[in-house]
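These notes are about the structure you will find just below.
The values are calculated or read from the model by the stated rules, or taken from the named source; none is laboratory data. All values reported here derive from a predicted model rather than from experimental measurement. Using ideal geometry, Cβ is built from the backbone for each residue, glycine included, and neighbour counts are taken over all protein chains shown. SASA here: full protein model, heavy atoms, side chains in, ligands and nucleic acids out. Shrake-Rupley method; radii C 1.70, N 1.55, O 1.52, S 1.80 Å.
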Amino acid sequence: MEFSHSKVAFNRHESFSLRFGWLTKGFKAFQDNPDFFSAPDAVVQLGVGKNMVNSIRHWLRAAQLVEINNDQKRTTRIGEAIFDRKTGYDPYLEDEATIWLIHWLLATNPIHATSWYWFFNRFYKPEFTSQEVYTALIDFSQENITGKYSANSIKNDSAVLLRTYVQSRENSKIPAEEALDSPLSLLKLITYTKATKTYQSRLIRRDGLPIGILGYALADLFRKRKIKELSMENLVCSCNGQVAPGPIFRLSENDLIAKLEDLVYYLPNIFKTSDSAGIHQLYLLQDIDPLIYIDAHYKAQQQGKTA
């Protein structure tokens with residue numbers, strides 16, 4: 001979750017943005033056989049080309065649904081909670097809340113999704129061109145990354161990042177073979193204006209972000225940083241390489257404050273807000289498993305469907 005100058009990755013997606021069905025298919029295959037992606041019949045089983053097989057593996061790893069470290073290959077708890085074929089809450093990616101969750105998991109993974117971390121935590125320009133994104137990412141890399149990296153890899157990463165979030169009908173620059181929209185494009189965190197040939201990614205009110213997903217994100221953040229309180233400044237701005245929910249979800253400060261107030265009542269006695277002398281603080285009142293917010297959201301959705 002915290003940026004490391006020496007642990008980064010660019011262009012591991014084989015120039016393919018995330019597509020509908022990939023996480024579902026890939027997670028099930030990996031769960032059955034952790035060595036699946038190196039198996040000779042992976043191409044046939046997934047029904048895609050070899051480069052796409054590698055891309056699916058990358059997206060599973062970048063979205064923190066699986067862990068692949070040397071000889072250790074396993075599904076993660078959050079991956080199992082959502083995509084397990086028997087017990088997962090949304091194995092077919094039917095709930096938009098899951099897409100918000102996947103976005104959080106990508107943007108808080110600076111090791112395997114470096115460009116995603118950078119864009120949603122370090123890049124604050126509300127309107128920009130694709131060239132400006134590439135140039136800013138190059139500058140960030142030169143100033144903050146040790147070791148070798150390819151400028152071409154960074155260019156590909158910046159292009160795929162934009163394709164991942166922008167609906168293809170908005171952007172005629174997207175190649176025909178890439179016109180299948182990524183599920184992340186539904187969030188409208190990045191939009192494109194054809195008339196000016198510019199992209200926008202603004203801090204605004206986001207009614208579509210479920211409180212349960214914000215709750216998971218904050219509980220996840222507090223647990224991994226081993227903290228009990230955070231100032232509003234650290235919630236609305238990424239400081240010292242740390243991630244922040246405000247910029248990641250592209251929330252305005254007022255909307256974030258309103259959502260935090262809702263969060264306090266969503267599951268009582270876990271979080272508390274305080275506004276003393278004009279200083280907003282968020283406090284964690286007890287140690288909890290972040291997955292309780294996942295359970296709360298999806299169980300409420302299931303009850304709503306059966307009611």
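Each residue of the stretch 134-150 was assigned a 3J(HN,Hα) from its phi angle through the Karplus curve 6.51 cos²θ - 1.76 cosθ + 1.60 (θ = phi - 60°); the sequence is 4, 4, 5, 5, 4, 4, 4, 5, 5, 8, 10, 10, 9, x, 8, 8, 9 Hz, with glycine and proline shown as x. Put simply, the stretch 22-136 fits an ellipsoid with semi-axes of 27, 17, 13 Å; these come from the alpha carbon gyration tensor as the roots of five times its eigenvalues, largest first. Take the Kirkwood radius over Cα pairs of the stretch 177-262, plug it into Stokes-Einstein at 37 °C and 0.692 mPa s, and you get 227 µm²/s for translational diffusion.
Solvent-accessible area of the chain (1.4 angstrom probe, protein heavy atoms only): carbon and sulfur portion equals 48 percent. Here the Debye sum runs over all C-alpha atoms of the stretch 152-307 as equal scatterers in vacuum, and log10 of I(q)/I(0) at q = 0.17 Å⁻¹ comes out as -1.06. For the stretch 244-274 versus the stretch 88-144, the inter-centroid distance based on Cα atoms is 20 Å.
The heavy atoms of residue 130 offer some 50 square angstrom of accessible surface to a 1.4 angstrom probe. Placing +1 on the Cβ of every Lys and Arg and -1 on the Cβ of every Asp and Glu, with no other charges, gives the chain a dipole of roughly 440 debye about its Cα centre.
In the stretch 191-300, Cα pairs under 8 Å separated by at least six residues give a relative contact order of 32 percent. Rolling a 1.4 Å probe over the protein heavy atoms gives the stretch 249-296 an accessible area of 51 Å² per residue.
In order along the stretch 115-120, phi translates into HN-Hα couplings of 5, 5, 4, 4, 4, 8 Hz, rounded to whole numbers, per the Karplus curve 6.51 cos²θ - 1.76 cosθ + 1.60 with θ = phi - 60° and x for Gly and Pro. Here the stretch 204-275 is treated with +1 on each Lys and Arg Cβ and -1 on each Asp and Glu Cβ, and its dipole about the Cα centre works out to around 360 debye.
Convex hull volume of the C-alpha atoms in the chain, normalised per residue: 148 Å³.
Here the spin labels are modelled as points 7 Å beyond Cα on the Cα-Cβ line, and at residue 224 and residue 125 they lie 2.7 nm apart. Report summary: the helix-based calculation at 222 nm, which adds -39500 (n - 2.57) for every DSSP H run with n ≥ 4 and divides by the residues of the chain, gives -14000 deg cm²/dmol.
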